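First comes the structure, then the notes that go with it.
No value in this document is a laboratory result; all are computed from the given coordinates. Values in this document were obtained by computation on a predicted structure and should not be read as measured data. Here the Cβ positions follow ideal geometry from the backbone for every residue, glycine too, while neighbour counts run over all protein chains shown.
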Amino acid sequence: MKLPLLFILFAGAYLKLNAQHIYSGNKYPLTDFRRPLDITPPALAGSFGELRANHFHSGIDFRTNQRQGYPVYAIADGYISRLRVQNSGFGLALYINHPNGYTSVYGHLQRFNPKIAREVKALQYQKKSYEIDEFPNALLIPVHKGEIIAYSGNTGSSGGPHLHFEIRDTKNEATINPQFFGIDIPDDIPPVIYAIYSYRLGHRPFNEFTPKQLHQVTGSAGNYRLSGPALQLSGETGFGIVTTDRHNGASGLNGVYSIELQLDGTPVCISALERFQFENSKAINAHIDYPAWLNTKRSIQKSFVDPGNPLGIYSNLVNNGRMLFNDGKLHELKYIVTDAKGNKSSLSFQVQAGADDAPLPAAGSSGQPAFSYATANEYNTEDIRVIIPKGSLYDDLSFVYKKLPNSAAGAYSGIHQVHNKLTPLHNGFQLWIRADAVPEKYREKALIVNTNRVSQGGAYEDGYIKTSPRNFGSFFIALDTIAPSVSPLNISEGKRMAGLSKMSFRISDNLSGIKSFNGYIDGRWVLMEFDTKTAGLWHTFDENTGPGKHRLELVVTDMKDNTRNYSITFYR
Ligand SMILES: [Zn+2]
């Protein structure tokens, strides 16, 4: 009686285990962790590794029914290893180290449990700072599996209530797909394939000049094909795919897990989002057709890999996914796309190869400096200095620089066009612009902005303003001499605040951005909380502000040390 049942159970576990380990040689504990929320059935608003602006999503986003305040549970025994409060980013966040070698992370929390909240508030008063990033030892806050550690929220750079959840390898902080740990998200819907693109690479670096063709796809429910006949392609070619995933009970689009491209039955490029290092996340801009994403917001995932792309998500590469069509023959190609549950979609198509393998002419005009992705690169004129550190370029670059006159109000230099924004950079670059036009008394107020007047930061150094922009673009020197502004939202001079739990403000800066804010009631530092996305600043009254007359002072400083002093009298 028992044997068949056991057999069925084992067979089920085996199949599930296999499905969760596609394209992975790693084994993860499948039964150590419970889910961090009790909402059933669990549904994702965001999947692990899904494509976001300048990063891969580093965890999974659990839906919380558009509401905040659901209990968040420790997924296993362990201890709070990191307490973090940020104006943006994860907002209120907790990290738990577990004895099995993994760390769980919980972000955008509304509030902590009372014990942790007391600990955090004590730290904030001790450091006189709303933002904290503390690494307590194992004895301070031990937690047990299933203990309520916090409540779900929408703090930090969150676009709506949800729980951001991660599992990391404690040793090296690599973040790993939580669905590999037996945290089950119901999903039997295969990924959707919208389109593919062919790129005529012609033995050149991929960039915005690479000729490409869109190929429309038809089909559904896992089976897709191209609308037209065999593709006629010649020379060195790469492919890209537009694909997303859907989950049961979730209306939104999520990311896929793996993309495999086969040529005549052999894989030439597989990408799989099992795990990645945070320092490599920005290389999403080398994984996708970045110029297409910037220009049209369409995410085309390339199945060929730039030589400076540091991501460890690729396997089975043949010539980095670049294939040669010069034999005049008919070739069979196949895309296989899966989600993290192993649901699979495929697209088969044919390529009729030409006979031509002539390299493409070099992009851009001749005489430009040729920068190698494998080294640091430097460019100097009498006005500027540019250093691109090793590891920042994903591929070789014909560097373009131009200086234009600048008639913009408040500009203290010409406009320096440092290549263009369509070429992604991994670690940004260093930029010096000569500051001859900046009056000596304003040197400390000078900074570099792009032509959208977005501050790039900057400080005076030996006749230049120096900063480190993240992206190429067009830049000039501007000044920030204006202090931040403070707008009261629920308080006015002499107001009785006895019935209110907090006092609220909005603060903003015109150019360089807010560096610090400090509040004092009757001369004593008090905790002001800040939310970057709403520019809201508030203080929650506590027992230290008793009945009677009080004086609040607010000191708000920007990155160029312009300071606003604001004060107001109120009654409790
Ligand atoms: Zn998230």
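Each peptide in 262-272, 102-112 gets a packing score, the mean of other Cβ atoms within 10 Å over its residues, and the list from highest to lowest is 102-112, 262-272. One equal scatterer on each Cα of the stretch 163-221, no solvent, Debye formula: the resulting log10 I(q)/I(0) at q = 0.21, 0.24, 0.26 Å⁻¹ is -0.84, -0.94, -1.06.
With the biggest extent put first, the Cα atoms of the stretch 370-479 measure 42, 25, 23 Å across the principal axes. Extending 7 Å from the Cα toward the beta-carbon at both A437 and Q350 defines two label points whose distance is 6.2 nm.
What translational diffusion coefficient, in µm²/s and rounded to a whole number, does the Stokes-Einstein relation yield for the stretch 342-427 at 10 °C and a viscosity of 1.306 mPa s, taking the hydrodynamic radius as the Kirkwood radius over Cα pairs? Reported coefficient: 94 µm²/s. Rg then Dmax, both in Å and based on the Cα atoms of the stretch 22-181: 15.0, 48.
Full extension of the chain between T540 and Y571 yields a length gain of 9.7 nm, computed as 0.36 nm times the residue separation minus the alpha carbon distance. Neighbour counts of C-beta atoms inside 10 Å place L123, L214, L537 in the sequence L214, L123, L537, starting with the fewest.
Give me the log10 of I(q) over I(0) for the stretch 283-435 at q = 0.14 Å⁻¹, as the Debye formula computes it from C-alpha points; what are the numbers? Reported log10 I(q)/I(0), two decimals: -0.92.
Between S220 and H144, the simple spin-label model (points 7 angstrom out along Cα→Cβ) gives 5.1 nm. Measuring r between the beta carbons of S501 and D561 and using R0 = 30 Å, the FRET efficiency lands at 0.35. Model label points for I387 and S157, set 7 angstrom from Cα along the Cα-to-Cβ axis, are 2.7 nm apart. Each peptide in 391-399, 449-457 gets a packing score, the mean of other Cβ atoms within 10 Å over its residues, and the list from highest to lowest is 391-399, 449-457. Would you mind estimating how fast the stretch 150-309 diffuses translationally, via Stokes-Einstein at 4 °C and 1.567 mPa s with the Kirkwood radius over Cα pairs, in µm²/s? D, rounded to a whole number, is 71 µm²/s. Only Cα sites of the chain enter the Debye sum here, all with the same form factor; the resulting log10 I(q)/I(0) across q = 0.06, 0.10, 0.12 1/Å is -0.39, -1.03, -1.29, listed in q order. About the centre of its Cα atoms, the chain shows a dipole size close to 1320 debye [charges on the beta carbon of Lys, Arg (+1) and Asp, Glu (-1) only; nearest 20 debye]. Among the lysines of the stretch 485-571, pairs at least eight places apart or on separate chains and with Cα atoms under 22 Å apart come to 6.
Were the residues from D38 through Q277 laid out at 0.36 nm apart, the gain over their Cα-Cα distance would be 83.1 nm. Per residue of the chain, the DSSP helices (runs of n ≥ 4 H) give a summed -39500 (n - 2.57) that works out to -2500 deg cm²/dmol at 222 nm. Restriction of the GluC sites (Glu not before Pro) in the stretch 463-569 to DSSP coil positions whose beta-carbon has at most 16 other beta-carbons within 10 angstrom yields E493, E543. Full extension of the chain between I482 and E461 gives 5.4 nm of extra length, using 0.36 nm per residue less the Cα-Cα distance.
May I ask you to derive the relative contact order of the stretch 370-479, considering only C-alpha pairs under 8 Å and at least 6 residues apart, and to give it as an integer percent?
On the way: 255 pairs, mean separation 30.1, N = 110.
Contact order relative to length: 27 percent.
Take every DSSP beta bridge whose two residues both sit in the chain; close to 95 percent of them are antiparallel. Pairs of alpha carbons in the stretch 484-572 separated by more than 20 Å make up 30% of all such pairs. Annotation: the stretch 252-366 has a Kirkwood hydrodynamic radius of 16.0 angstrom, from the mean reciprocal C-alpha pair distance.
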